[in-house]
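Note sheet for the following structure.
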2 protein chains.
Amino acid sequence: MCVIISLTEENYLKAIYTLSHLFEESEVSTNQISDHLNNKAATVTDMLKRLAEKKLIHYIPYQGVKLTEKGRQTAIKVIRKHRLWEVFLVDKLQFKWDEVHEIAEQLEHINSDELIQRLDKFLGKPKFDPHGDPIPDANGLLNIVKALPLNQHKAKGNFTFVGVCEHSKTFLQHLTSIGLKIGDVIKVEEVNEFDNSFKVKINKNNSQFFSNKVASSILVEVKK
Amino acid sequence: MCVIISLTEENYLKAIYTLSHLFEESEVSTNQISDHLNNKAATVTDMLKRLAEKKLIHYIPYQGVKLTEKGRQTAIKVIRKHRLWEVFLVDKLQFKWDEVHEIAEQLEHINSDELIQRLDKFLGKPKFDPHGDPIPDANGLLNIVKALPLNQHKAKGNFTFVGVCEHSKTFLQHLTSIGLKIGDVIKVEEVNEFDNSFKVKINKNNSQFFSNKVASSILVEVKK
DNA sequence: GGTATAATTTAGACTAGTCTAAAAATTTGT
DNA sequence: ACAAATTTTTAGACTAGTCTAAATTATACC
């Protein structure tokens, strides 16, 4: 009953989960996984067979794969651990939000339910990680975040910055350098038609411009 | 210059360090290592060749091994991480001292100097772990603890309980059940010649007996 | 609808880490 | 000092996870 899942297998399951949720829920291809994990398609095929053997994915050769319920639970648990450790690193050890990903990639594989339960409590049962991503609860339930990238609103008005959909170090550092943090209020003053850039004010400071690239990478909610 | 050291290799280095310090510093045999790590002597021989290749140990076939300076630094760093994480688990997450070993065995392999430096600071730069073992500092320097097992004193008087030299879960639970914690004062009222058991008082409570097995597993300092 | 291109799988090979069985070296005991 | 016992190493094999190169299947375009 209790199949052992290796660190490598956990990373494949996480990759499949992540890729299948990029747009609406969908099947994931071998090449998508090999790109995401930086290894070769042949390697992925081997692993998919192993994961199917262990009933963690549904796999039909030449078609995509998707997670079984057991595979989804495993992936979600790894994501829960990753995000809780990120909160620990930022809230308790004062790491910056662009410094925590690599360390959390290691910590997410530490295996102890008791540890995670206690860490969760120690951190005050946080609902979101430092990048605004929702943290699955102990039962694997995930808040569906209905926030959209700023560039999809294309309207003037006040928005609350609730998360990012681009997690690269350089992008996060860019946001820090322009003084944007989660929870800040972004007032869109103009949307420029020709390049889809945005003229905005952050927390009533001086106006600045967001390129479409930036506007498409930050998640906002309409401010109540 | 920067050789990559795997998790498995780290565990071998730690084992060699630990075994070589059991009594006075000494060479370690293949069989000692295979017993300690629960694998076969042939497996150990293979690994010793690899570690010697990487200049982490001095190895001459059929004679023992000992760590090079590089090997010692690596082992000490793993031990530092293990003991810091144990402090975290007990002080911050309220684990009991008999529950932390297995989790720390995983956490000790997390690779990030920055993380360890910040964790150390967060914990208040502790000098000892929850079992009284000294925590090496960032430069790999270790407090030499001059404490001896209680049974080597064989004298009446007051002693301070500063650590254990037996780390099994059952032994730690036994100490908890008799109400003995690090820092407690043990008053030796009698030493029984025939079985080397000890009649003692803990913190001025009622008298009780320590078998020689218990007395040989607890480290004490003469109380000033 | 058939062929060119792209995606995927198969075949065979490699490394790290483990094993068993057998050979070699060392240590022990008289 | 030499035979017996013990320790250690060698030889050969296995698994997980990876690779390259070749074969196969799917897709896309005229």
Any idea which of (1) at positive phi; (2) of a type outside the set (Gly, Ala, Ser); (3) within 14 Å of chain A (Cβ to nearest Cβ) is the one B:Asn111 doesn't satisfy?
(1)
Hey, among A:Val162, A:Val220, which residue is part of a strand (DSSP E or B), in contact with a Gly (Cβ under 6 Å, 6 or more places away or on another chain) and touching a residue at least 40 places away in the same chain (Cβ under 8 Å)?
A:Val162
Of everything in the stretch A:57-88, what is open to solvent by 50 Å² or more (accessible area, probe 1.4 Å) and of a type in the set (A, V, I, L, M, F, W, C)? Give them in sequence order.
A:Ile60
State whether one or more residues within the stretch B:27-37 are without any contact (Cβ under 8 Å) to a residue 12 or more places away in the chain and either within 11 Å of DNA strand C (Cβ to nearest atom) or within 24 Å of A:Glu86 (Cα to Cα) (or both).
yes
Hey, any hits in the stretch B:42-55 for a residue that's within 30 Å of B:Ile144 (Cβ to Cβ), away from DNA strand D (no atom under 12 Å from the Cβ) and more than 18 Å from the chain's Cα centre (by Cα)?
yes
Matching option when the condition is open to solvent by 50 Å² or more (accessible area, probe 1.4 Å), more than 11 Å from DNA strand D (Cβ to nearest atom), under 21 Å from the mean Cα position of the chain (by Cα) and within 14 Å of another protein chain (Cβ to nearest Cβ), among A:Asp91, A:Asp35:
A:Asp91
Is it the case that some residue within the stretch B:44-56 is within 16 Å of DNA strand C (Cβ to nearest atom), open to solvent by 10 Å² or more (accessible area, probe 1.4 Å) and in the same structural domain as B:Lys125 (by TED's automatic domain parsing)?
no
Identify, please: which residue in the stretch B:181-196 is charged (D, E, K, R) and touching a strand residue (DSSP E or B) at 6+ places or on another chain (Cβ under 8 Å) and is, among those, nearest to B:His131 (Cα to Cα)?
B:Lys181
Residue by residue through the stretch A:129-161, note down the ones that are open to solvent by 30 Å² or more (accessible area, probe 1.4 Å) and closer than 26 Å to B:Phe95 by Cβ.
A:Asp137, A:Ala138, A:Asn139
Reported set for the stretch B:12-32 where residues are more than 9 Å from DNA strand D (Cβ to nearest atom) and open to solvent by less than 40 Å² (accessible area, probe 1.4 Å) is B:Tyr12, B:Leu13, B:Lys14, B:Ala15, B:Ile16, B:Tyr17, B:Leu19, B:Ser20
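The values are calculated or read from the model by the stated rules, or taken from the named source; none is laboratory data. Predicted, not measured: the structure shown is a model, and the values here were computed from it. Here Cβ is always computed from backbone atoms with ideal geometry, including for glycine, and neighbour counts include all displayed protein chains. Ligands, DNA and RNA are stripped out before the accessible areas are found, and what is left, the full protein with its side chains, is counted by its heavy atoms. Shrake-Rupley method; radii C 1.70, N 1.55, O 1.52, S 1.80 Å.
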